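K.L.:
Sharing a structure below in structure tokens format, with a few things to ask.
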Amino acid sequence: MAFRSEGDARAWAIEHGDDRGATVPVDVLGGLSHHWYGGRFSDDWRPATGAARQASLREAGLGGAFWELG
Amino acid sequence: MTRGQAGRRDPALACGSDAVAWRLRGHLYRKIRESGVVPGRAGLRKELGVEAVEVDRALRFLADAHVLALDQAGEVWMAHPFSAVPTPYRVETPVGDYWANCAWDAIAIPLILGTDGRTPTVCPHSGVRFDLTNVGRRVGPEGSVVRLPVPARDFWDDIGFT
């Protein structure tokens, strides 16, 4: 879900008792998307390994337990 | 079978090679880019010139590799970031309109198409209508956020919910 502001997302999460999710600024998700989804139109595309996806998250500045792929 | 650090299989390492499946995948994404529509199994069979059973097996292979998600009938439901079915996220671009699976995917679609885009949406808390925007490589509007409902390790546990 997209929220107009971090405050809106925080208020919504409290109202709905959602303590499992996380919010990400849209520009950060945009940066991540280049790595996460890039190359899909190439015949040579293959899924990235878990290690490569974890590195993409880290490069986008997304760290901590929520972003651990396990 | 290769397993991840927490005992989870890494689909990327386990998917191996399957010429028909990877050919199908490339074809599928080209068709989506050209038409905005995710092809069904019947169309894939005709366009690729392979038997129905081979299409079904290839789709299952790709789903097991977390490349696609299938519906209960075995049709492609999600070819990330594209959705085969209407969702609250209709991405409008100069090269076509596309259904996205979620807000994140709505941001991603113009980026991977290399085009600008806008996705009308409504803030679930304030009720304010606004557009997610892609202008060049910039994503907006500034200050807006996306809420992801589950931790990254659980994205594929219930991909529809995610």
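Just so it is clear, none of the values below were taken in a lab; they were calculated from the coordinates. Only a predicted model underlies this, so the values are computations on that prediction, with no experimental measurement involved. For neighbour counting, all protein chains shown are included, and Cβ atoms are generated from backbone atoms with ideal geometry for every residue, glycine included.
K.L.:
Which whole-percent values make up P(r) of segment A:23-70 when all C-alpha to C-alpha distances are grouped in 10 Å steps starting at zero?
P.N.:
26, 53, 20, 2
K.L.:
Other chains' Cβ within 10 Å of B:97-110 residues: what's the mean?
P.N.:
Values: counts 0, 0, 0, 0, 0, 2, 6, 10, 3, 3, 9, 9, 2, 2.
Counting other chains' Cβ atoms within 10 Å and averaging over B:97-110 gives 3.
K.L.:
On a 0 to 90° scale, report how tilted helix A:50-59 is relative to the longest principal axis of chain A, with both axes built from alpha carbons and the result rounded to the nearest 10.
P.N.:
Between helix and principal axis, roughly 60 degrees.
K.L.:
Spin-label point model (7 Å from Cα, Cβ direction): what's the B:E54 to B:E75 distance in nm?
P.N.:
2.3 nm
K.L.:
Residues of B:23-30, mean number of Cβ from any other protein chain within 10 Å of their own Cβ, rounded to a whole number? Mind showing how you got there, number by number?
P.N.:
Numbers: counts 1, 0, 4, 6, 1, 1, 6, 2.
Taking all residues of B:23-30 together, the mean is 3.
K.L.:
Report the normalised scattering of the protein assembly as shown as log10 I(q)/I(0) at q = 0.07, 0.11 Å⁻¹, calculated by the Debye formula with identical scatterers on the alpha carbons.
P.N.:
-0.22, -0.56
K.L.:
Whole number please: convex hull volume per residue, Cα atoms of segment B:90-145, in Å³.
P.N.:
71 Å³
K.L.:
Still on this model: If you line up the Cα atoms of chain B on their principal axes, what length do they span on each, largest first, in Å?
P.N.:
On the principal axes, chain B reaches 48, 40, 28 Å in Cα extent.
K.L.:
Using a Gaussian network model of chain B with C-alpha springs under 10 Å, which one of B:G143, B:G117, B:G36 is most mobile by mean-square fluctuation?
P.N.:
Maximum among the listed residues: B:G143.
K.L.:
For the peptides A:50-57, A:2-9, what is the packing order when you average, over each peptide's residues, the other Cβ atoms within 10 Å and list the highest mean first?
P.N.:
By packing density, highest mean first, the sequence is A:2-9, A:50-57.
K.L.:
Same structure again: How big is the charge dipole of chain B about its Cα centre, in debye rounded to the nearest 20, if each Lys and Arg gets +1 on its Cβ and each Asp and Glu gets -1 on its Cβ?
P.N.:
Charge dipole, chain B, about its Cα centre: 240 debye, nearest 20.
K.L.:
Taking the Cα centre of segment A:23-70 as origin, sum charge times position over the Cβ atoms of Lys and Arg (+1) and Asp and Glu (-1), and report the length of that vector in debye to the nearest 20.
P.N.:
In total the dipole reaches around 80 debye.
K.L.:
What 222 nm value per residue comes from the helices of chain B, counting each DSSP H run with n ≥ 4 as -39,500 (n - 2.57) and dividing by all residues, nearest 500 deg cm²/dmol?
P.N.:
Numbers: 5 runs with 53 residues, N = 162.
Mean residue ellipticity at 222 nm (helix-derived): -10000 deg cm²/dmol.
K.L.:
Using only Cα atoms, find the angle between the long axis of helix A:6-15 and the longest principal axis of chain A, and express it within 0 to 90 degrees, rounded to the nearest 10.
P.N.:
Roughly 60 degrees, rounded to the nearest 10.
K.L.:
Defining a contact as two alpha carbons under 8 Å apart and six or more residues distant in sequence, what relative contact order in percent does segment B:87-137 show?
P.N.:
The value is 33 percent.
K.L.:
Along the charge dipole of the protein assembly as shown, Cβ charges K/R +1 and D/E -1, which of B:I32, A:G39, B:V20 sits furthest on the positive end?
P.N.:
B:V20
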